[in-house]
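Down below is the structure, laid out as structure tokens.
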Amino acid sequence: MWEYCAEHDIQVDLGSDQTSLHNPWAGGYYPVGISFEESKQMMADYPEKFKAAVEASLRRHVAAINKLTAKGMYFFDYGNAFLLQSSRAGADILKEDGSFRYPSYVQDIMGPMCFDYGFGPFRWVCTSGKPEDLDVTDHIAMDVLKEISDHAPAEISQQMRDNITWIKGAKENHLVVGSQARILYADCEGRTKIAAEFNKAVRDGRLSAPVVLGRDHHDVSGTDSPFRETSNIYDGSSFCADMAVQNVIGDSFRGATWVSIHNGGGVGWGEVINGGFGMVLDGSDDSDRRLRSMLFWDVNNGISRRAWARNEGALFAIKRAMEACPELHVTLPNFAEDALIEKMFE
Ligand SMILES: NC(=O)c1ccc[n+]([C@@H]2O[C@H](COP(=O)([O-])OP(=O)(O)OC[C@H]3O[C@@H](n4cnc5c(N)ncnc54)[C@H](O)[C@@H]3O)[C@@H](O)[C@H]2O)c1
């Protein structure tokens, strides 16, 4: 399709690729010109031949995209390892300095707009399995966000408005698949206040059973993934798994009911470490203490690291967190001109 658009001069404004390139040799990407059945046969009987066909296809794929971006298309990586696998296949996807020609959507969008400020996909599940309970949680979350929104600084006011719109329309848009669960983008303040209100509602019977909290790995903290979640962290720390491990261990000590640490999710084996948690809110005082302690760590830990990497939004957010909580002391980076640093290494 890209080749067709390039050859026929069809103007494309915005482009990405959503093949499953985190799994390139076992069915995540089907090479051009080879049928589905033939591909399946080839990957089982002649894996090396199949790998060569995928790589040749990726080189063509990138060549066509390059033609379209030369005519003005904005192209971004969707977090499916497209840039990484194309570079490994020898496609024309690198700049002279070895970096990718195109950004990951986290570099341009999710990082600076959401993660650096602590906004990420906060989740909850109503263990009763009752839609009525989910309704109650939706209303609680909406009320909390509205209240926070009234005093939110300009830097995050659009986020707040968007998230209120989302939760308002969640039921009507049938966003539940199976479990009575919800995902709502929220920052540290939002997650903590919403969770505390859920806990109260379990205690006073407005909710008929405990609520379980969680989040995606595609979030502020918890994950080290240089080609996705941490691709807008430019201090080099995204290439080791220290933060994912530190975060998940902190979550476990601070009261998570369970934690997990795993490898691979979404961008491929060996390319990412993800940490996650589950937290049961049973209405007790203990749950209240745990949620405050753990959510504070889980979000601010990632913001701190993003601030050390000198990300503007994260510097704003961590300074704000320190004002709100005087016990929090996070070192702040010192800025120096690149030329000065380069001179030191001459
Ligand atoms: N950015 C995010 O938040 C995010 C979220 C979910 C998934 N992902 C990543 O996106 C990728 C896709 O996920 P998914 O759940 O949509 O996978 P999927 O397997 O459901 O869809 C991939 C599609 O690509 C098609 N395809 C394969 N080779 C092709 C080719 N050469 N040309 C055109 N189409 C081709 C397949 O037929 C399939 O329909 C995964 O790598 C996943 O990790 C990113």
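The values are calculated or read from the model by the stated rules, or taken from the named source; none is laboratory data. Everything quoted here is computed from the prediction, not taken from an experiment. Glycine gets a Cβ as well: all are built from the backbone with ideal geometry, and neighbour counts include every protein chain shown. Note: accessible area is taken over every heavy atom of the protein model, side chains too, but ligands, DNA and RNA are not part of it. Shrake-Rupley method; radii C 1.70, N 1.55, O 1.52, S 1.80 Å.
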When all protein chains stay in place, what accessible area (Å², nearest 10, 1.4 Å probe) is found for His151?
-> 100
So if R0 is 30 Å, what FRET efficiency would Ser128 and Glu155 give, r being the distance between their Cβ atoms, rounded to the nearest 0.05?
-> 0.20
Order the peptides 122-128, 91-97, 144-150, 55-61 from the highest to the lowest mean number of other Cβ atoms within 10 Å of their residues.
-> 122-128, 55-61, 144-150, 91-97
Given a cut-off of under 8 Å on Cα pairs at least six residues apart, what relative contact order in percent is computed for the chain?
-> 16
So the pair-distance distribution of the range 2-103, from every Cα-Cα distance in 10 Å bins, comes to percents of 16, 45, 31, 8, 0
Give the carbon-plus-sulfur fraction of the accessible surface of the range 2-103 in %, rounded to a whole number; probe 1.4 Å, heavy atoms of protein chains only.
-> 52
Carbon/sulfur accessible area of the range 273-346, % of total, 1.4 Å probe, equals 54
Debye intensity ratio I(q)/I(0), log10, the range 187-324, q values 0.13, 0.15, 0.16, 0.21 Å⁻¹ (C-alpha model) | -0.57, -0.73, -0.81, -1.19
Would you mind calculating the gained length between Glu337 and Ala26 on full extension (0.36 nm times residue separation, minus the Cα-Cα distance), in nm to one decimal?
-> 107.3 nm
Nearest 20 debye, what's the magnitude of the dipole of the chain about its Cα centre given +1 on Lys and Arg Cβ and -1 on Asp and Glu Cβ?
-> 440
So what is the 222 nm mean residue ellipticity for the chain from helices alone, if each DSSP H run of at least 4 adds -39500 (n - 2.57) and you divide by all residues, rounding to the nearest 500 deg cm²/dmol?
-> -14500 deg cm²/dmol
Per-bin percent of Cα-Cα distances, the chain [10 Å] | 5, 21, 28, 24, 15, 6, 0
Whole-Å distance linking the alpha carbon centroid of the range 279-346 with that of the range 20-61 is 43
Mean-square fluctuation maximum in Gaussian network of the chain, Cα pairs under 10 Å, restricted to Gly302, Gly120, Gly268, hits Gly268
Under a 5 Å amide H to amide H cut-off, with H placed in plane at 1.01 Å, what residues pair with Gly79 once short-range neighbours are removed?
-> Tyr105
Can you give the accessible area per residue of the chain, in Å², using a 1.4 Å probe?
-> 50
For the range 125-237, the percent of accessible surface on carbon and sulfur atoms (probe 1.4 angstrom, ligands and nucleic acids excluded) is 53
Show the residues, 5+ positions off or on another chain, whose built amide H is closer than 5 Å to the amide H of Gly129.
-> Gln180
